[in-house]
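Colleague: After the structure tokens below, expect a handful of questions from me.
The values are calculated or read from the model by the stated rules, or taken from the named source; none is laboratory data. Keep in mind that this is a model prediction, so the values were computed, not measured. Cβ: placed from backbone, ideal geometry, glycine included. Neighbour counts: every protein chain shown. Surface accessibility is based on the protein's heavy atoms, side chains included, excluding ligands, DNA and RNA. Shrake-Rupley method; radii C 1.70, N 1.55, O 1.52, S 1.80 Å.
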Amino acid sequence: MLLIQPVGDYADIQAREFNMASLKQLDEILEHKYFCGLKPSLSNIEHSGLFKKGSFPFPELQTVRTGSTAICVRRGDYHANPQLGILPSRYYKKAMSKLEINLKTSRLEVFTDDLPGTTKFLGTFIDNPLNFNLQESPLLALRDLSNCSAIIGANSTFAFLGCFFSDARTLMPEPFYLGDPKWHKDLFSSDQLTIS
């Protein structure tokens, strides 16, 4: 777990999280300055003018880049929604190989919604210590993710945003969601690294 500097009033962080969680359509982004949602679109994000690729949107909460490699694992509610697709170990192995992650020397920071299941899952093919990001605030966890030096993303909005706000080397699954393979082209530009 990363050491976090105090960042001010927690109520302010909660208000920012509410704003990030209030997107319905592009006109609402422009009118209310809110963003997030279940199906983000890269063009909507870019056209909103609210966020800049490679830059965390709240600079006063920003901390320095870590030397960690982030591994995002989305499992919790996906067990009840098999059409979304829980990513298999071969995706993570391929991503680590493509990013040339040295498992003997790299510091791995795991971002997940299922701590017990992810511990067991990653333990089947990763031997070195895992550092789980246990931030109670999703916004601060997103900040921590965007500060990692490399990101192996999962098929979740959280991982997508962490990669969008980061200028690190990133990899994402393709297609993003099994049940909606056409959506992938709405999320990623042709120069972004993805793994099928």
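Colleague: Rank-order 107-118, 58-69 by packing density, defined as the average count of other C-beta atoms within 10 Å over each peptide's residues, highest first.
Modeller: Descending packing order for the listed peptides: 107-118, 58-69.
Colleague: Say each of K93 and K185 gets a label point 7 Å from the Cα, pointing the same way as Cα to Cβ; how far apart are those two points in nm?
Modeller: Going by the 7 Å Cα→Cβ label model, 3.2 nm.
Colleague: Accessible area, 1.4 Å probe, largest first: how do H79, H47 sort?
Modeller: The ordering from most to least exposed comes out as H47, H79.
Colleague: Largest first, what is the accessible-area ranking of D180, D186 with a 1.4 Å probe?
Modeller: Sorted by accessible area, descending: D186, D180.
Colleague: On to the next question. Which ³J(HN,Hα) values in Hz, rounded to whole numbers, follow from the phi angles of segment 67-72 under the Karplus curve 6.51 cos²θ - 1.76 cosθ + 1.60, where θ = phi - 60° and Gly and Pro get x?
Modeller: Values per residue, Gly and Pro as x: x, 7, 9, 8, 10, 9 Hz.
Colleague: Continuing with the same structure: Between E60 and K104, how high is the FRET efficiency from 1/(1 + (r/R0)^6) when r is the Cβ-Cβ distance and R₀ = 25 Å? Nearest 0.05.
Modeller: Result of the calculation: an efficiency of 0.10.
Colleague: Given H placed 1.01 Å from N in the peptide plane, which residues other than close sequence neighbours of A70 have an amide H under 5 Å from its amide H?
Modeller: Here E109, S149, A150, I151, I152 satisfy the definition.
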